[in-house]
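Trainee: Here it is, the structure in full.
Rule-based calculations on the coordinates, nothing more; no lab input. Because the structure is predicted, anything quoted here is derived from the model rather than measured. Cβ atoms come from the backbone with ideal geometry, glycine included; neighbour counts cover every protein chain shown.
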Ligand SMILES: [Fe+2]
């Protein structure tokens, strides 16, 4: 049977297709729980191939070790359904298998091919877009959507979702004007498209438009910060960042408590945003009270070391900030080991993850020159381990702070010059400038 956009799903159960469309919609706008929705269909229709696929891809979108058993459970169902799957579904299964085996690059390649053949498969586009994000692949963040767009028309349900993704890709490619226009167009189509909201937030972050950013986020809060919005924490993170860079740390902490970390979640994506905000404050010697403690404890309890380099960096920040020397040493060993392995994370870790994790650890021990030595060669290649420019700014901030603290004044000033030139309206950059001058 055909889904909303005409992809063929291997089932004769109309209700399954209907539920699939609503689970996908929930995933598109990060509202509610797409897994719980699709489970309703799978209960009635246990051989619903695309249902198992959607379930696996939603888990994969979290990009952490804890979801691997769930993904493998979906794969074992899908293996038994091979003969009743169509070509598009088999390509998804191949991509899911590649992810589960650690071949994330292979997965992205499979999704590239799948989307070339089935450009209206919105699930493939979205999981592909998120995978590109986890690899900092800015060209494909934009290119994947541009390649599919001609197969869509403005009246298609989900067209705005494509524009939201395209806007983020354009922003990561540095086309800020285009990105803002595309993102605002997506918001006109669906004001609740929190990914499009986020793309425009990124434009404002990159252009140092903090005051405008705060107004843009706060005035539209009802559209992206709903109770059941699974992405609200990250849009709150951007809002907190604007406030922090404006020098309003108290407001940033209020937002931290209310939106970034309203409860002690064990989801790595949420943990890393919390760590990233607190680390920015740590670099500025700001008092954040007890906020690091529960976070760092959860990092220590989680079994995620060495799974994904970008998460490892944030875990190390929490250990350094709380003086967890033993956890830091164990993480370092795990990351060193991950670097010798196979698969995409091993490559990310070898090339940028390990030197950055070492640099953060060295920073924690007051070895600032060592930290600078480690960060300088990788600061422009850090996209390899994923995240956005705004997230990876933490690497540049750590480098500048290490240079300042290590007495490498000329280097610090030079790096700050670069920063003030790129973001001339960002008050934080000018505060750094004043410190270097002093
Ligand atoms: Fe972001």
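Trainee: Please determine, in degrees from 0 to 90 and to the nearest 10, the orientation of helix 389-405 with respect to the longest principal axis defined by the Cα atoms of the chain, where the helix direction is its Cα long axis.
Mentor: 20
Trainee: Pick from 48, 216, 231: which is most flexible by mean-square fluctuation in a GNM of the chain where alpha carbon atoms under 10 Å apart are linked?
Mentor: 216
Trainee: If you don't mind, there's one more thing I want to ask. Specify the inter-centroid distance of the range 227-270 and the range 310-384, based on alpha-carbon positions, in whole Å.
Mentor: One Cα centre to the other: 24 Å.
Trainee: Can you pull the one-decimal nm distance between simple spin-label points at residue 70 and residue 22, each 7 Å off the Cα toward Cβ?
Mentor: For residue 70 paired with residue 22, the spin-label model returns 2.0 nm.
Trainee: Compute the angle between helix 34-44 and the longest alpha-carbon principal axis of the chain, please, reported from 0 to 90 degrees and rounded to the nearest 10.
Mentor: Approximately 20 degrees, to the nearest 10.
Trainee: Something else about it: I'd like to know how the chain sits against the 2.2 N^0.38 Å rule of thumb: what's its Cα Rg over that expected value?
Mentor: That ratio works out to 0.97.
Trainee: Taking R0 as 51 Å, what FRET efficiency do you get between residue 116 and residue 329 from their Cβ-Cβ distance, rounded to the nearest 0.05?
Mentor: The computed FRET efficiency comes out at 0.65.
Trainee: What's the FRET efficiency of residue 219 with residue 12 using the Cβ-Cβ distance as r and R₀ = 41 Å, to the nearest 0.05?
Mentor: With a Förster radius of 41 Å, E is 0.30.
Trainee: I need 113, 90 ordered by Cβ neighbour count within 10 Å, fewest first.
Mentor: 113, 90
Trainee: Starting from the Cα-Cα distance between residue 433 and residue 337, subtract it from 0.36 nm times their residue separation and give me the gain in nm to one decimal.
Mentor: 30.7 nm
Trainee: Let me ask another. Measure nothing but the geometry: give the 0 to 90° angle between the long axis through the Cα atoms of 210-219 and the longest principal axis through the Cα atoms of the chain, rounded to 10°.
Mentor: 40
Trainee: Turning to a different aspect of this structure: How would 173, 426 line up from fewest to most surrounding beta-carbon atoms within 10 angstrom?
Mentor: Neighbour counts put them in this order, fewest first: 173, 426.
Trainee: Between the range 162-208 and the range 90-137, how many Å separate their Cα centres?
Mentor: So the two Cα centres are separated by 22 Å.
Trainee: Quick check on the exposure proxy: order 356, 267, 394 from fewest to most C-beta atoms within 10 angstrom.
Mentor: Listing 356, 267, 394 from fewest to most nearby Cβ atoms yields 267, 394, 356.
Trainee: Multiply the residue separation of residue 212 and residue 155 by 0.36 nm, subtract the distance between their alpha-carbon atoms, and state the gained length in nm to one decimal.
Mentor: 17.4 nm
Trainee: Once you've got the GNM for the chain with C-alpha springs shorter than 10 Å, pick whichever of 326, 209, 379 has the biggest mean-square fluctuation.
Mentor: 326
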